1. Given the conditions (1) part of a helix (DSSP H, G or I); (2) without any contact (Cβ under 8 Å) to a residue 60 or more places away in the chain; (3) of a type outside the set (S, T, N, Q), and given that A:Ile160 satisfies all but one, which numbered condition is not satisfied?
2. Within region B:74-88, count every residue that is within 19 Å of A:Pro205 (Cα to Cα) and in contact with a Phe, Trp or Tyr (Cβ under 7 Å, 6 or more places away or on another chain).
3. Output the residue which, of all residues in region B:69-96 that are more than 18 Å from B:Val50 (Cα to Cα) and without any contact (Cβ under 8 Å) to a residue 40 or more places away in the chain, is surrounded by the fewest Cβ atoms within 10 Å (Cβ to Cβ).
4. Being crowded, with 19+ Cβ neighbours inside 10 Å, out of contact with any strand residue (DSSP E or B) (no Cβ under 9 Å at 6 or more places or on another chain) and within 14 Å of chain A (Cβ to nearest Cβ) is the requirement here; does B:Ala10 meet it?
5. Consider A:Asp27 against the criteria (1) on the phi > 0 side of the Ramachandran plot; (2) assigned to a helix (DSSP H, G or I): it satisfies all of them except one. Which criterion is unmet?
6. Report yes if A:Ile9 is β-branched (Val, Ile, Thr), closer than 25 Å to A:His191 by Cα, within 21 Å of the chain's Cα centre (by Cα) and in a helix (DSSP H, G or I), otherwise no.
7. Please find, among A:Leu207, A:Leu169, the residue that is touching a residue at least 40 places away in the same chain (Cβ under 8 Å), within 10 Å of chain B (Cβ to nearest Cβ) and assigned to a helix (DSSP H, G or I).
8. So, in region A:36-86, exactly how many residues are within 12 Å of another protein chain (Cβ to nearest Cβ), assigned to a loop (DSSP other than H, G, I, E, B) and in contact with a helix residue (DSSP H, G or I) (Cβ under 9 Å, 6 or more places away or on another chain)?
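The values are calculated or read from the model by the stated rules, or taken from the named source; none is laboratory data. Small disclaimer: the values here were computed from a predicted structure and weren't measured. Positions of Cβ are generated from backbone atoms using ideal geometry, with glycine treated the same way; all protein chains shown enter the neighbour counts.
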Amino acid sequence: MNMENILAIALAVLLSPILGGVVAGLDRKITARLQGRYGPPILQPFYDVLKLIGKEKMIVNQWQILCAYVYLMAAVLTVVLMALQSDLLLIFFVLAVGGVFLVIGALAAPSPYSQIGAQRELIQMLTYEPLLILVFVSIYLVTGSYKISEILKFPEPLLIPLALMYIVLGYALTIKLRKSPFDISTSHHAHQEIVKGVLTEYSGPYLAIIEIAHWYETVFVLGICALFWHTNIPIMVALVTLTYLAEIVVDNICARLTWRWMLRHVWSAGLLLSFANYTWIYVR
Amino acid sequence: MIPKKLIGMARTKSPWLIHLDCSSCNGCDIEVLACLTPLYDVERFGILNVGNPKHADILVVTGTVNHRNQRVLKNIYDQMPEPKVVVAVGACGSTGGVFRDSYNVVGGVDKVIPVDSYVPGCAPKPEAIIDGIVLALEKLAEKGKRVDQGIFERLAGTRDAITAR
């Protein structure tokens, strides 16, 4: 392990929550403006997390503590692996483990709200994970490698051969960021979903841990988006910004779907777009 | 690990409230919800209306307490992690209002749980409700300091039930 790697890990671990928190704050501000409200300060997510850390520790059972920490560790690890330009598939599996532990923590409590939230979270994972795998495989088909270090050597931006896959990634992104219309397991801001869905039984410092983990995940999914235009940094930043703004707009104009609608719509549209793009890769 | 001062500051900047309707006529509830609309927008103070007592810092109660729902009120209060404050909204929530002599009515919210700020009016204006919540925030900061020292204020008899979890 050389100095560069250590630096990359340190930057990923320290900067990601700051970046993720600021993105969440901007998200809330822009959402408020879209709804004709003034909105909270940009630093509001940090206030929320600090307050939650200061709250009393109230748990239903010990599993929740373990699950919250494993979820955080998995999220940190995905970002660290990405900073080290590691294997996309490895990153994907680490992400999946984190998601599963969030669900286990919710299932550990007997509350019906958290149970339903957990089942819905599982359905959400079932919906976006095949699509995410298809995106990664399509990147492999174009660049010949799953390793981010190899992908970054590819001469042209990935968005050109994989334009449709970017839309597929957009579906996965919407689910992962818990945005409408796919915020069926739990939701952000003041939106409510069967109390708070999968997060109902997490409270105080453990909710803060999950919130921080979510910031890491936001950075991770935006990093995957950034991979699609790795040749030029300003265009990459513009692409990621535009994608996130589109997410916010979609969040504000859509009503929440039921899980059946989500599964049917995301899989049919996602698989169709993937099929078209895979055909294009072979024809090209 | 994190300075107590920083957490204390964050507490007053991020109060999440849960709203409980104890047999109100819905007049106060409409005014409470009006605070969330673009005209008043309490989110600019970081206030979120959450549906989960386990995430909430402020319990906003409207309406008179009666014999059927007093244990619900107590249960929701007990589920909130400390520090927490209670705001009684409206004449009914504060004292029992015009219903105080009814056979089924226990009285104001303070007959069941400790109340930190009262908002009079029937129904109070949204400005008055926001004012009451901001007053309660001062108490929240005080209580936060006590929680940092490890002092919890719970209703008698519920302390053991909660630590047993």
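1. (1)
2. Result for region B:74-88: 1.
3. So the residue we want is B:Arg71.
4. yes
5. (1)
6. no
7. So the residue among A:Leu207, A:Leu169 that is touching a residue at least 40 places away in the same chain (Cβ under 8 Å), within 10 Å of chain B (Cβ to nearest Cβ) and assigned to a helix (DSSP H, G or I) is A:Leu207.
8. 13
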